[in-house]
Amino acid sequence: MVRLVVRLTGFDWDQANWRKSELKHGVAAAEAEEALLKDPLCQIDPRHSDDEQRYVALGETSEGRRLFISFTVRRGRARVISARPMSRKERAIYDEAKKTP
């Protein structure tokens, strides 16, 4: 994972994706937005980028909640596909990357 510079002008939530993230994973839209705005670790997701460039991010809220977020960028706005708590492996990757300046 690296720090990609993605300048976002806002968020564009698909109702079904927002509900899935909240109901299935317990992640509110505001939490996903906050984690994406707080210098997350991002990388391009080549396995899911056939139709449009997709990214995955590991980020943290001000409350310390660590999230994995899959998203695209359309006209400068992040369109979150899925947001869920990080797995144990993702937390280890995130912790290691945050140690490196």
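What are the ³J(HN,Hα) values, in whole Hz, obtained from phi via the Karplus relation 6.51 cos²θ - 1.76 cosθ + 1.60 with θ = phi - 60°, for each residue of the stretch 61-73 in sequence order, with x given for Gly and Pro?
The phi angles translate into 8, 5, 7, x, 6, 9, 10, 9, 10, 9, 7, 10, 10 Hz.
For the chain, what relative contact order do you get, as a whole percent, if you take Cα pairs closer than 8 Å and at least 6 residues apart? Mind dumping the intermediate values first?
Working: 176 pairs, mean separation 30.2, N = 101.
Relative contact order, the chain: 30 percent.
Just grab the label-to-label distance for ASP14 and ILE93, each label 7 Å out from Cα along the Cβ direction, in nm (one decimal).
2.2
Quick check on my link table: of LYS20/LYS99; LYS24/LYS99; LYS20/LYS89, which ones sit more than 26 Å apart, alpha carbon to alpha carbon?
In this structure, LYS20/LYS99; LYS24/LYS99 lie more than 26 Å apart at Cα.
Could you pull out every residue, at least 5 positions away or on a different chain, whose amide H is within less than 5 Å of the one on LEU67? Hs are placed 1.01 Å off N in the peptide plane, and Pro or chain starts have none.
Hits under the 5 Å cutoff: GLY59, GLU60, THR61, MET86.
We did not get these values from a lab; they are worked out from the coordinates using the rules stated. Because the structure is a prediction, the values reported are computed rather than measured. Because the Cβ atoms are built from the backbone with ideal geometry, glycine has one as well, and the counts that use them run over all protein chains shown.
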